[in-house]
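Bear in mind that the values in this text are calculations on the coordinates, not laboratory data. For clarity, every value in this text was computed on a predicted model and none was experimentally measured. Here Cβ is always computed from backbone atoms with ideal geometry, including for glycine, and neighbour counts include all displayed protein chains.
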Amino acid sequence: MESKHISNDTPKSGKKIATHLETYSYLQQGVSLEEIAQLRDLKPVTIFSHLEKLLEEKKKIDLMPYIPEDAERLTVIHDTFVALGTLQL
């Protein structure tokens, strides 16, 4: 397993950044959603809500790594969203 450097640097000003933007920083580094939750000691559902907020803010996020390869599973997920009448995670 290849080790990768994950930066969790705070801004030079020392000011705290919004928590969803910290998640965004990890996403930009290619860290998985599960890893982000572990690194930040947060529940995966919190990371999903950050992802939702980032998409609402039109942040550029490559969603391809999170799309199931199994087409049938993707169809089930899509149909569930349609049945619920929401796109909210």
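Which GluC sites (Glu not before Pro) from segment 28-63 combine a DSSP loop assignment with at most 14 other Cβ atoms within 10 Å? Loop-located and lightly packed - Glu57. Taking amide H as placed 1.01 Å from N in the peptide plane, Ser32 has no amide H partner under 5 Å among residues 5 or more places away or on another chain.
If the chain linking Lys43 and Val76 were pulled fully straight, counting 0.36 nm for each residue of separation and taking away their Cα-Cα distance, it would gain 9.5 nm. Remark: segment 46-60, residue by residue, has Karplus-estimated 3J(HN,Hα) of 5, 5, 4, 5, 5, 4, 4, 5, 5, 5, 4, 7, 6, 6, 7 Hz, where x stands for each Gly or Pro and the curve is 6.51 cos²θ - 1.76 cosθ + 1.60 at θ = phi - 60°.
Grab the beta carbon distance between Ser32 and Ala83, set R0 = 30 Å, and tell me the FRET efficiency rounded to 0.05.
Values: r = 28 Å, r/R0 = 0.92.
The pair Ser32/Ala83 has a calculated efficiency of 0.60.
Annotation for Ile61 and Thr19: the two label points, set 7 Å from Cα along the Cα-Cβ direction, are 1.5 nm apart.
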